[in-house]
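Report on the following structure.
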Amino acid sequence: MSSTALKEPSTQGPEDKSKIGIPPVPIIDTPLSKSVALIRPTLVLSLLAIRFNELVAEPVSTLRVALPVVAIIQAIYAILCLPVAGSYTAKVAKKSRPGEKKKTDANSPNVISTAVLALLLTAISTPAVYVLFILFGAPFLDHVAHTLLCAAHFSLLGLFPVFYSRGVSSQALLAIAGASAPLDEPFGALVGAVVGAWLGAIPIPLDWDREWQKWPITILVGLYTGSLSFSFASGWLLYGKHLAEAGEKDE
(Lines give C-alpha, C1' and ligand atoms only; values in the text may rest on other atoms or scores of the structure.)
Protein backbone atom coordinates (compact mmCIF):
# COMPACT_ATOMS: atom_id res chain seq x y z
CA MET A 1 0.00 0.00 0.00
CA SER A 2 2.17 2.80 -1.27
CA SER A 3 1.65 6.26 0.17
CA THR A 4 2.17 7.74 -3.29
CA ALA A 5 -0.22 5.45 -5.10
CA LEU A 6 -3.20 7.73 -4.63
CA LYS A 7 -1.53 10.89 -5.89
CA GLU A 8 -2.31 12.16 -9.35
CA PRO A 9 -0.79 15.07 -11.27
CA SER A 10 -3.11 18.03 -11.44
CA THR A 11 -3.16 21.28 -13.36
CA GLN A 12 -6.04 22.67 -11.35
CA GLY A 13 -5.85 25.47 -8.81
CA PRO A 14 -5.37 24.94 -5.07
CA GLU A 15 -9.12 25.04 -4.46
CA ASP A 16 -9.61 21.97 -6.70
CA LYS A 17 -6.67 19.94 -5.46
CA SER A 18 -8.55 17.92 -2.85
CA LYS A 19 -11.30 16.94 -5.26
CA ILE A 20 -8.89 15.99 -8.08
CA GLY A 21 -6.21 14.31 -5.98
CA ILE A 22 -8.65 12.32 -3.80
CA PRO A 23 -11.06 10.47 -6.10
CA PRO A 24 -13.92 8.49 -4.57
CA VAL A 25 -13.43 4.76 -4.15
CA PRO A 26 -15.70 2.86 -6.58
CA ILE A 27 -17.28 -0.51 -6.03
CA ILE A 28 -15.68 -3.07 -8.35
CA ASP A 29 -17.88 -3.27 -11.42
CA THR A 30 -18.88 -6.93 -11.41
CA PRO A 31 -22.22 -8.57 -10.56
CA LEU A 32 -20.61 -10.46 -7.64
CA SER A 33 -19.09 -7.31 -6.14
CA LYS A 34 -22.30 -5.33 -6.38
CA SER A 35 -24.32 -8.22 -4.94
CA VAL A 36 -21.99 -8.58 -1.94
CA ALA A 37 -22.05 -4.81 -1.35
CA LEU A 38 -25.85 -4.88 -1.33
CA ILE A 39 -26.16 -7.99 0.87
CA ARG A 40 -23.55 -7.06 3.52
CA PRO A 41 -25.59 -4.40 5.42
CA THR A 42 -28.63 -6.66 5.67
CA LEU A 43 -26.53 -9.65 6.71
CA VAL A 44 -24.60 -7.85 9.45
CA LEU A 45 -27.63 -6.02 10.85
CA SER A 46 -29.58 -9.30 10.85
CA LEU A 47 -26.81 -10.95 12.87
CA LEU A 48 -26.89 -8.01 15.28
CA ALA A 49 -30.66 -8.38 15.71
CA ILE A 50 -30.39 -12.14 16.26
CA ARG A 51 -27.68 -11.74 18.92
CA PHE A 52 -29.16 -8.63 20.55
CA ASN A 53 -30.54 -10.38 23.65
CA GLU A 54 -27.19 -12.11 24.19
CA LEU A 55 -25.44 -8.77 23.71
CA VAL A 56 -27.57 -7.22 26.46
CA ALA A 57 -27.11 -10.17 28.84
CA GLU A 58 -23.38 -10.84 28.23
CA PRO A 59 -21.86 -7.95 26.27
CA VAL A 60 -18.18 -8.84 26.73
CA SER A 61 -18.40 -12.48 25.69
CA THR A 62 -20.82 -11.70 22.85
CA LEU A 63 -18.61 -8.95 21.45
CA ARG A 64 -15.50 -11.13 21.77
CA VAL A 65 -17.12 -13.99 19.85
CA ALA A 66 -18.54 -11.63 17.22
CA LEU A 67 -15.23 -9.84 16.59
CA PRO A 68 -13.60 -12.48 14.32
CA VAL A 69 -16.91 -13.00 12.50
CA VAL A 70 -17.14 -9.30 11.70
CA ALA A 71 -13.47 -9.25 10.69
CA ILE A 72 -14.04 -12.09 8.22
CA ILE A 73 -17.14 -10.44 6.76
CA GLN A 74 -15.31 -7.13 6.38
CA ALA A 75 -12.27 -8.80 4.79
CA ILE A 76 -14.43 -10.67 2.27
CA TYR A 77 -16.34 -7.47 1.50
CA ALA A 78 -13.13 -5.50 0.94
CA ILE A 79 -11.49 -8.14 -1.25
CA LEU A 80 -14.57 -8.71 -3.40
CA CYS A 81 -16.00 -5.20 -3.55
CA LEU A 82 -13.28 -2.58 -3.04
CA PRO A 83 -10.25 -1.86 -5.21
CA VAL A 84 -6.86 -2.03 -3.53
CA ALA A 85 -5.38 1.33 -2.57
CA GLY A 86 -4.17 3.19 -5.63
CA SER A 87 -5.38 0.70 -8.23
CA TYR A 88 -8.50 2.62 -9.26
CA THR A 89 -6.65 5.91 -9.82
CA ALA A 90 -4.46 4.25 -12.41
CA LYS A 91 -7.55 3.04 -14.28
CA VAL A 92 -9.02 6.53 -14.24
CA ALA A 93 -5.75 8.09 -15.40
CA LYS A 94 -5.23 5.71 -18.33
CA LYS A 95 -8.02 3.96 -20.16
CA SER A 96 -7.34 1.14 -22.59
CA ARG A 97 -7.83 1.91 -26.25
CA PRO A 98 -10.41 -0.08 -28.22
CA GLY A 99 -8.91 -3.45 -29.12
CA GLU A 100 -5.88 -2.93 -26.88
CA LYS A 101 -5.03 -5.86 -24.62
CA LYS A 102 -4.90 -5.21 -20.91
CA LYS A 103 -1.42 -5.42 -19.44
CA THR A 104 -0.85 -7.15 -16.14
CA ASP A 105 1.30 -5.18 -13.71
CA ALA A 106 3.61 -7.52 -11.83
CA ASN A 107 4.01 -4.89 -9.11
CA SER A 108 0.27 -4.47 -8.53
CA PRO A 109 -0.74 -4.92 -4.87
CA ASN A 110 -2.02 -8.28 -3.72
CA VAL A 111 -5.53 -8.20 -2.27
CA ILE A 112 -4.80 -10.77 0.45
CA SER A 113 -1.66 -9.07 1.72
CA THR A 114 -3.41 -5.70 1.55
CA ALA A 115 -6.32 -7.04 3.60
CA VAL A 116 -3.92 -8.47 6.20
CA LEU A 117 -2.03 -5.17 6.44
CA ALA A 118 -5.31 -3.25 6.70
CA LEU A 119 -6.41 -5.54 9.55
CA LEU A 120 -3.08 -4.94 11.27
CA LEU A 121 -3.50 -1.16 10.93
CA THR A 122 -7.03 -1.55 12.27
CA ALA A 123 -5.74 -3.40 15.34
CA ILE A 124 -3.04 -0.78 15.90
CA SER A 125 -5.66 2.00 15.67
CA THR A 126 -8.02 0.39 18.19
CA PRO A 127 -6.24 1.76 21.32
CA ALA A 128 -6.48 5.27 19.84
CA VAL A 129 -10.22 4.77 19.29
CA TYR A 130 -10.47 3.51 22.87
CA VAL A 131 -8.85 6.73 24.13
CA LEU A 132 -11.27 8.80 22.04
CA PHE A 133 -14.19 6.92 23.59
CA ILE A 134 -12.82 7.78 27.05
CA LEU A 135 -12.42 11.45 26.10
CA PHE A 136 -16.01 11.56 24.85
CA GLY A 137 -17.46 10.18 28.08
CA ALA A 138 -16.93 6.41 28.22
CA PRO A 139 -16.27 4.96 31.72
CA PHE A 140 -12.63 5.54 32.59
CA LEU A 141 -11.88 2.81 35.13
CA ASP A 142 -15.00 0.66 34.85
CA HIS A 143 -16.02 -1.54 31.91
CA VAL A 144 -12.57 -1.47 30.32
CA ALA A 145 -13.21 -4.67 28.36
CA HIS A 146 -16.59 -3.33 27.17
CA THR A 147 -15.03 -0.12 25.86
CA LEU A 148 -12.03 -1.84 24.26
CA LEU A 149 -14.23 -4.33 22.40
CA CYS A 150 -16.54 -1.52 21.32
CA ALA A 151 -13.51 0.34 19.97
CA ALA A 152 -12.41 -2.79 18.10
CA HIS A 153 -15.82 -3.16 16.44
CA PHE A 154 -15.78 0.54 15.55
CA SER A 155 -12.35 0.15 13.96
CA LEU A 156 -13.43 -2.86 11.88
CA LEU A 157 -16.51 -1.08 10.55
CA GLY A 158 -15.16 2.45 10.14
CA LEU A 159 -11.39 2.23 9.68
CA PHE A 160 -10.65 -1.11 8.01
CA PRO A 161 -12.33 -0.25 4.65
CA VAL A 162 -10.45 3.08 4.60
CA PHE A 163 -7.08 1.42 5.23
CA TYR A 164 -7.78 -1.21 2.56
CA SER A 165 -8.89 1.21 -0.14
CA ARG A 166 -6.81 4.29 0.75
CA GLY A 167 -3.64 2.75 2.16
CA VAL A 168 -1.45 5.09 4.19
CA SER A 169 -1.57 8.04 1.82
CA SER A 170 -1.23 11.13 4.00
CA GLN A 171 -3.14 13.20 1.44
CA ALA A 172 -6.11 10.81 1.49
CA LEU A 173 -6.13 10.29 5.25
CA LEU A 174 -5.90 14.02 5.95
CA ALA A 175 -8.79 14.65 3.55
CA ILE A 176 -10.84 12.01 5.37
CA ALA A 177 -9.92 13.40 8.80
CA GLY A 178 -10.89 16.88 7.62
CA ALA A 179 -14.16 15.61 6.09
CA SER A 180 -13.14 16.99 2.69
CA ALA A 181 -12.87 13.63 0.91
CA PRO A 182 -15.63 12.69 -1.55
CA LEU A 183 -18.26 10.29 -0.30
CA ASP A 184 -17.88 6.61 -1.11
CA GLU A 185 -18.54 3.38 0.77
CA PRO A 186 -15.36 3.38 2.93
CA PHE A 187 -15.62 7.05 3.92
CA GLY A 188 -19.38 6.75 4.42
CA ALA A 189 -18.82 3.78 6.74
CA LEU A 190 -16.51 5.89 8.92
CA VAL A 191 -18.81 8.91 8.98
CA GLY A 192 -21.82 6.72 9.76
CA ALA A 193 -19.96 4.95 12.57
CA VAL A 194 -19.00 8.26 14.19
CA VAL A 195 -22.48 9.79 13.92
CA GLY A 196 -24.21 6.53 14.86
CA ALA A 197 -22.06 6.05 17.97
CA TRP A 198 -22.69 9.65 19.01
CA LEU A 199 -26.46 9.31 18.58
CA GLY A 200 -26.35 5.93 20.30
CA ALA A 201 -25.14 7.59 23.49
CA ILE A 202 -28.39 9.57 23.85
CA PRO A 203 -30.50 6.84 25.54
CA ILE A 204 -27.85 5.94 28.14
CA PRO A 205 -28.50 8.76 30.67
CA LEU A 206 -32.29 8.62 30.30
CA ASP A 207 -34.08 7.39 33.40
CA TRP A 208 -35.81 4.41 31.80
CA ASP A 209 -34.03 1.74 33.87
CA ARG A 210 -33.70 -0.67 30.94
CA GLU A 211 -31.01 -3.32 30.61
CA TRP A 212 -30.22 -2.34 27.02
CA GLN A 213 -29.34 1.20 28.19
CA LYS A 214 -26.16 -0.07 29.82
CA TRP A 215 -22.79 0.76 28.31
CA PRO A 216 -22.04 0.14 25.44
CA ILE A 217 -25.18 -1.51 23.98
CA THR A 218 -26.76 1.56 22.41
CA ILE A 219 -23.37 2.79 21.20
CA LEU A 220 -22.82 -0.47 19.34
CA VAL A 221 -26.29 -0.49 17.83
CA GLY A 222 -25.82 3.12 16.74
CA LEU A 223 -22.40 2.62 15.18
CA TYR A 224 -23.44 -0.57 13.35
CA THR A 225 -26.65 0.96 12.02
CA GLY A 226 -25.01 4.26 11.12
CA SER A 227 -21.92 2.75 9.52
CA LEU A 228 -23.72 0.20 7.35
CA SER A 229 -26.59 2.45 6.30
CA PHE A 230 -24.48 5.52 5.48
CA SER A 231 -21.88 3.36 3.74
CA PHE A 232 -24.63 2.07 1.47
CA ALA A 233 -26.02 5.58 0.90
CA SER A 234 -22.57 7.00 0.16
CA GLY A 235 -21.73 4.26 -2.31
CA TRP A 236 -25.00 4.22 -4.21
CA LEU A 237 -26.88 7.50 -3.67
CA LEU A 238 -24.31 10.15 -2.67
CA TYR A 239 -21.26 8.75 -4.45
CA GLY A 240 -18.67 11.39 -5.32
CA LYS A 241 -20.39 14.18 -3.42
CA HIS A 242 -18.90 15.99 -0.45
CA LEU A 243 -20.47 16.25 2.98
CA ALA A 244 -21.28 19.93 2.50
CA GLU A 245 -22.98 19.20 -0.83
CA ALA A 246 -24.94 16.31 0.69
CA GLY A 247 -26.09 18.57 3.53
CA GLU A 248 -27.21 21.29 1.12
CA LYS A 249 -29.14 18.71 -0.93
CA ASP A 250 -30.96 17.48 2.19
CA GLU A 251 -31.90 21.05 3.08
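Observations
- Tyr130 meets each of the listed conditions (1) modelled with pLDDT of 95 or more; (2) of a type in the set (Phe, Trp, Tyr); (3) surrounded by fewer than 19 Cβ atoms within 10 Å (Cβ to Cβ) apart from (3).
- Applying the criterion of being touching a Leu at 6+ places or on another chain (Cβ under 8 Å) and within 18 Å of Cys150 (Cα to Cα) to the residues of region 27-47, the residue that is least open to solvent (accessible area, probe 1.4 Å) is Val44.
- Of everything listed in (1) open to solvent by less than 30 Å² (accessible area, probe 1.4 Å); (2) under 25 Å from His146 (Cα atoms); (3) not in a helix (DSSP H, G or I), the single unmet condition for Trp215 is (1).
Condition check ((1) more than 19 Å from Pro83 (Cβ to Cβ); (2) at pLDDT below 95; (3) touching a Cys at 6+ places or on another chain (Cβ under 7 Å); (4) not in a helix (DSSP H, G or I)) across all residues:
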{"position": "Gly188", "(1), (2), (3), (4)": "no, no, no, no"}
{"position": "Leu199", "(1), (2), (3), (4)": "yes, no, no, no"}
{"position": "Asp209", "(1), (2), (3), (4)": "yes, yes, no, yes"}
{"position": "Gly226", "(1), (2), (3), (4)": "yes, no, no, no"}
{"position": "Ser231", "(1), (2), (3), (4)": "no, no, no, no"}
{"position": "Ala244", "(1), (2), (3), (4)": "yes, yes, no, no"}
{"position": "Gly247", "(1), (2), (3), (4)": "yes, yes, no, no"}
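- Of the residues making up region 153-160, one or more are within 16 Å of the chain's Cα centre (by Cα), without any contact (Cβ under 8 Å) to a residue 60 or more places away in the chain and open to solvent by less than 10 Å² (accessible area, probe 1.4 Å).
- Neighbours by Cβ (under 7 Å, 6+ apart or cross-chain): first from region 226-237, touching a residue at least 60 places away in the same chain (Cβ under 8 Å) and closer than 19 Å to Gly200 by Cβ; second of a type outside the set (Gly, Ala, Ser) and part of a helix (DSSP H, G or I): Ser227/Leu157; Leu228/Pro41; Leu228/Val44; Leu228/Leu45; Ser229/Pro41; Ser231/Glu185; Phe232/Pro41
- When Ala181, Ala175 are screened for being touching a helix residue (DSSP H, G or I) at 6+ places or on another chain (Cβ under 7 Å) and part of a helix (DSSP H, G or I), only Ala175 passes.
- Checking Leu148, Leu135 one by one, the residue that is open to solvent by 10 Å² or more (accessible area, probe 1.4 Å), free of Cβ contacts under 8 Å to residues at least 12 places away in the same chain and either polar (S, T, N, Q) or more than 16 Å from Ile73 (Cα to Cα) (or both) is Leu135 and no other.
- Annotation: of all residues in region 132-149 being in a helix (DSSP H, G or I) and touching a Phe, Trp or Tyr at 6+ places or on another chain (Cβ under 7 Å), the one that is nearest to Leu82 (Cα to Cα) is Leu148.
- Of all the listed residues (Pro31, Pro24), the sole one being over 20 Å from Ser155 (Cβ atoms) and touching an Asp or Glu at 6+ places or on another chain (Cβ under 8 Å) is Pro24.
- Residue match in region 166-185 (condition: open to solvent by 50 Å² or more (accessible area, probe 1.4 Å) and under 26 Å from Val69 (Cβ atoms)): no
The values are calculated or read from the model by the stated rules, or taken from the named source; none is laboratory data. If you're wondering where the values come from, they're calculated on a predicted model, not measured in any experiment. Please note: Cβ atoms are built from the backbone with ideal geometry, for glycine as well, and neighbour counts cover all protein chains shown. These accessible areas exclude ligands, DNA and RNA; they are computed on the full protein's heavy atoms, side chains included. Shrake-Rupley method; radii C 1.70, N 1.55, O 1.52, S 1.80 Å.
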